[in-house]
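Take a look at the structure set out below.
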Amino acid sequence: MNNLKIAWRSFLKDRQFSFLNLLGLSIGLACTLLICLWVNDELHVGRFNQKDSQLYQVMENGQSPDGIQTGENTPGLLATSLKDEMPEVEYAVATIHPSGLTNDKGIFSVENTHVEGTSLFAGKDLFNVFSYKLLQGNKSQALTNLNAVILSDEMAAKLFHTTTNIIGRSIDLNLQGFNGLYTVTGVFQKPPATALDQFDVIFNYDLYLQRNPKLTNWGNNDPDTYLILKKGTNIQAFNNKIAGFIAGKNKESKSTLFVQKFGDKYLYNHYKNGVVAGGRIEYVKLFSIIAIFILVMACINFMNLSTAKASTRLKEAGIKKVMGAYRVTLIAQYLGESLLMAFLSLGVAIVLVILLLPQFNQITGKNLELHFDAPLIIAGLAITLFTGLVSGSYPALYISGFKPVNILKGKITGSAGEAWVRKGLVVFQFALSAIFIVSVLVVYRQMLLIQTKNLGYNRDNILYFEKGGMVSDNKDDYKPGGKYDKDLGSMMNDIKSIPGIVNVANFRHNITNRHGGTTDLTWPGETPGTTINFTDIAAGYGFIETLGIQMKEGRPFSARDSNEKSKIIFNEAAIENMGLKNPIGKIVHVWGEDREIIGVTKNFHFESLYENLKPCFFDFTFGNRASKIMVKIKAGTEKETIAKLQTLYQKYNPGLPFEYRFLDEDYQALYSSEQRVALLSKYFAGLAVIISCLGLFGLAAFTATRRQKEIGIRKVVGASVTNVVFMLSKDFLKLVLIAVFVAFPAAWWVTSQWLQSFAYRINVTTGLFLLAGVSIILITLITISYQAIKAGLVNPVKSLRSE
């Protein structure tokens with residue numbers, strides 16, 4: 001208790017240093033707690049399943065001009081075939097979203113209630129594979145009928161205003177290719193926030209196969225395949241067993257299969273030449289390291305300031321030793337003071353976390369909460385105890401180590417060793433700050449490249465929406481030339497007449513993140529054994545023109561030709577991989593049909609910039625199979641044009657809400673993780689610099705105080721304020737310059753490693769390092785200038801009179 005009183009009095013005696021210590025430690029602990037919450041949430045994403053240790057996803061490796069490409073999309077019949085033919089498989093399920101896009105939304109209606117929602121098509125074993133909780137219905141029977149639909153509890157409440165007694169009731173779906181009436185066979189609890197996939201309703205996967213018969217061909221990929229393997233299965237042996245499974249079904253295929261643990265999917269999702277090469281786990285590691293570094297920087301502040309102030313407490317230590325105090329007693333006292341400061345800082349840090357958590361959630365896109373449960377309390381106490389002990393260890397050992405005789409005779413005023421330790425810690429702090437600043441600049445430049453790179457198409461002022469509309473039991477209504485075609489053509493013509501509309505097109509597959517594809521394509525002069533995985537993009541009239549994709553040769557699809565279904569358009573990469581010369585007019589064979597090549601587009605990016613350009617082709621689709629409508633709006637007329645679009649949409653779809661998305665939003669969503677990481681990095685780098693500056697500010701104040709008589713003498717003999725400022729600043733600037741030169745090689749290595757994941761990336765130039773170096777020097781000058789100028793302005797008479 002006596003040591004606690006002494007610690008409190010010491011805290012109050014020098015409020016400036018105490019405040020700087022408290023603020024630095026509080027910021028460090030708050031950052032650490034926030035990062036710990038984020039890291040803990042990341043580590044639990046996708047791990048909610050009860051059979052997590054047995055749950056695997058089937059991955060496919062395929063040959064490409066750039067090496068082995070790994071993808072999640074697999075053949076449509078793979079799940080049932082593996083279940084039937086592999087005794088190691090306990091359950092298997094295939095899943096797919098409409099058009100393969102997770103953001104595809106349909107309109108679900110019950111009488112006059114219309115609700116927008118996302119759909120998932122899944123096999124009957126879905127609830128045996130994933131631990132989605134079925135609140136109503138029989139999990140083994142709920143997906144046996146083609147017209148079955150299972151609603152989430154949230155969707156059921158919106159449509160029926162209840163989640164009970166709705167089995168057997170009907171809902172009306174308005175979604176491309178799947179319009180019609182469906183019968184409710186179950187209600188499930190909305191997937192948890194840690195689930196990788198979010199959806200509102202579940203449909204029968206067999207229905208998807210029926211409407212997309214090409215997926216019964218082993219050369220086409222779109223769905224995802226998940227397995228529950230029996231306990232004790234040797235994964236390596238199983239991978240060897242299924243490697244050639246597709247080749248056994250399709251002799252022309254060169255693709256191989258393997259399984260990845262589903263629980264690792266979120267964190268380990270980057271592959272290089274067929275082998276996992278990291279992924280989001282890199283960000284988890286990165287921010288864990290950042291948390292440690294920020295906490296270490298806060299501890300360094302405490303050590304530096306406490307050691308610098310040690311000379312004012314040497315006599316106190318000497319007297320205590322003369323009175324019989326042991327060194328271990330003094331160490332305990334000073335460590336107690338450090339621990340008191342650490343726990344005071346913890347209290348402030350918790351308040352900061354509570355205040356900042358809503359903004360932190362907004363930045364990270366999460367819903368983190370600060371629950372004072374046992375794990376958090378233990379972790380918080382452990383971190384704080386570690387901080388207090390590390391922060392106070394060097395000052396405690398330093399002060400308690402002197403002989404009392406030397407202290408009381410005034411022979412100790414500091415040591416070269418102490419000064420070197422302080423300088424080394426300052427260099428370490430600012431080296432970390434320099435690495436943070438360089439990293440932030442590199443991430444910013446890479447994000448700028450992503451925003452400004454020419455993608456080969458123009459995504460500005462383009463929005464799209466579902467055509468919606470007709471529900472009919474007459475299949476002829478959906479065939480080419482049928483009623484749906486006529487309604488769609490009429491609607492597109494009406495859209496074209498709206499002032500402010502530049503162009504309009506219909507399509508099915510989005511191009512910002514198109515996955516899946518086919519190897520079921522042959523061409524004249526094909527080398528035997530050649531396998532190319534082509535990405536197919538279902539597009540109608542005006543699609544290429546609306547997006548501004550440039551034609552290298554030939555023409556786009558045209559309404560003037562009534563037989564465009566028998567035509568096909570490739571990109572440059574496809575023609576190069578096929579080795580075709582003079583391709584226009586040549587006939588290729590795809591999905592059992594002959595197609596005439598009528599055009600070749602210049603290359604454009606239909607995937608993220610993590611991927612190299614890949615071969616693709618445009619498959620002409622009109623009517624029910626391509627019922628999305630894309631509209632390019634004249635810049636500056638967005639508001640009024642969208643209002644007119646809404647009015648027109650209501651004319652064709654009475655009572656249905658007009659839901660649209662901008663193409664640019666889809667593109668931004670590809671890099672949402674990177675943008676959040678960039679923003680977090682910027683904030684954490686700023687906090688690291690602030691912590692460093694707090695320590696530097698305190699050291700500058702202490703140095704000015706210790707050298708006040710020297711400053712007074714210099715002023716008496718003619719030194720100016722500028723001379724004094726330069727004298728006090730140069731030593732700190734030397735340390736910062738050393739830190740910068742130490743940091744730059746490390747910063748180059750760190751940023752180069754991060755950029756390797758992008759197929760298209762910036763060059764880390766000298767200019768970035770110069771900008772970071774100048775920034776650090778300016779920050780240093782600003783930090784120490786106040787204390788230096790303040791010391792220089794003191795009247796020398798007052799300085800020389802001071803005791």
Lone unmet requirement of (1) under 29 Å from residue 650 (Cβ atoms); (2) part of a strand (DSSP E or B); (3) touching a residue at least 40 places away in the same chain (Cβ under 8 Å); (4) not charged (D, E, K, R) for residue 155: (2)
The lone condition residue 257 fails out of (1) farther than 24 Å from residue 677 by Cβ; (2) open to solvent by less than 50 Å² (accessible area, probe 1.4 Å); (3) at pLDDT below 85; (4) in contact with a strand residue (DSSP E or B) (Cβ under 7 Å, 6 or more places away or on another chain) is (3)
Condition met for residue 265 (out of contact with any Pro (no Cβ under 7 Å at 6 or more places or on another chain), under 29 Å from residue 535 (Cα atoms), buried (at least 19 other Cβ atoms within 10 Å of the Cβ) and among the basic types (Lys, Arg)): yes
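Tell me, which residue of the range 268-292 that is among the polar types (S, T, N, Q) and under 19 Å from the mean Cα position of the chain (by Cα) is least open to solvent (accessible area, probe 1.4 Å)? Reasoning before the result, please.
Initial filter on the range 268-292 (among the polar types (S, T, N, Q)): 269, 273, 288.
This time we only want the ones that are under 19 Å from the mean Cα position of the chain (by Cα), so: 269, 288.
Numbers: 269: 87, 288: 41 Å².
Of everything passing the filter in the range 268-292, 288 is least open to solvent (accessible area, probe 1.4 Å).
Can you list the helices (runs of 4 or more DSSP H) lying wholly within the range 634-749 that have 2 or more residues being farther than 26 Å from residue 779 by Cβ and in contact with a Phe, Trp or Tyr (Cβ under 6 Å, 6 or more places away or on another chain)? Explain how you work it out, then say what you get.
On the way: elements: 638-652, 663-669, 672-706, 708-716.
Where helices (runs of 4 or more DSSP H) fall fully within the range 634-749 and carry at least 2 residues being farther than 26 Å from residue 779 by Cβ and in contact with a Phe, Trp or Tyr (Cβ under 6 Å, 6 or more places away or on another chain), they are 638-652.
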Residue 218 fails exactly one of (1) farther than 27 Å from residue 150 by Cα; (2) out of contact with any Lys or Arg (no Cβ under 7 Å at 6 or more places or on another chain), namely (2)
Single unsatisfied condition, residue 38 versus (1) out of contact with any strand residue (DSSP E or B) (no Cβ under 9 Å at 6 or more places or on another chain); (2) surrounded by fewer than 19 Cβ atoms within 10 Å (Cβ to Cβ): (2)
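With the condition being surrounded by fewer than 20 Cβ atoms within 10 Å (Cβ to Cβ), I'd like the strands (runs of 3 or more DSSP E) fully within the range 163-252 carrying at least 1 qualifying residues.
Values: elements: 170-174, 180-188, 201-204, 224-229.
Correct list: 170-174, 180-188.
Condition first: at negative phi and hydrophobic (A, V, I, L, M, F, W, C). Now tell me which residues in the range 586-616 satisfy that.
Step one: of the range 586-616, the residues at negative phi are 586-590, 593-616.
If the condition is that a residue be at negative phi and hydrophobic (A, V, I, L, M, F, W, C), then 587, 588, 590, 597, 598, 600, 604, 606, 609, 613, 616 are the ones that fit.
To keep it simple, each residue is scored yes or no on (1) open to solvent by 40 Å² or more (accessible area, probe 1.4 Å); (2) in contact with a Ser or Thr (Cβ under 6 Å, 6 or more places away or on another chain); (3) closer than 26 Å to residue 173 by Cα.
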| residue | (1), (2), (3) |
| --- | --- |
| 93 | no, no, yes |
| 96 | no, no, yes |
| 105 | yes, yes, yes |
| 111 | yes, no, yes |
| 117 | no, no, yes |
| 123 | no, no, yes |
| 130 | no, no, yes |
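Looking at 609, 580, can you tell me which residue is farther than 23 Å from residue 451 by Cα, touching a residue at least 40 places away in the same chain (Cβ under 8 Å) and open to solvent by less than 50 Å² (accessible area, probe 1.4 Å)? Step through it out loud before you land on a result.
On the way: 609 fails: farther than 23 Å from residue 451 by Cα.
Criteria check complete, one pass: 580.
So if I check each of 636, 655, 585, 592, which one is among the small types (Gly, Ala, Ser), more than 27 Å from residue 271 (Cα to Cα), within 34 Å of the chain's Cα centre (by Cα) and surrounded by fewer than 23 Cβ atoms within 10 Å (Cβ to Cβ)?
636
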Residue pairs qualifying under the 6 Å Cβ cut-off, at least six apart or on distinct chains, with the first in the range 515-536 being closer than 14 Å to residue 592 by Cβ and the second being open to solvent by 30 Å² or more (accessible area, probe 1.4 Å) and at pLDDT 85 or above, are 520/217; 522/589
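The values are calculated or read from the model by the stated rules, or taken from the named source; none is laboratory data. Computed from a predicted model, the values in this text were never measured in an experiment. Every residue, glycine as well, gets a Cβ built from its backbone with ideal geometry; the counts of neighbours run over all protein chains shown. Keep in mind that these areas ignore ligands, DNA and RNA; they rest on the heavy atoms of the full protein, side chains included. Shrake-Rupley method; radii C 1.70, N 1.55, O 1.52, S 1.80 Å.
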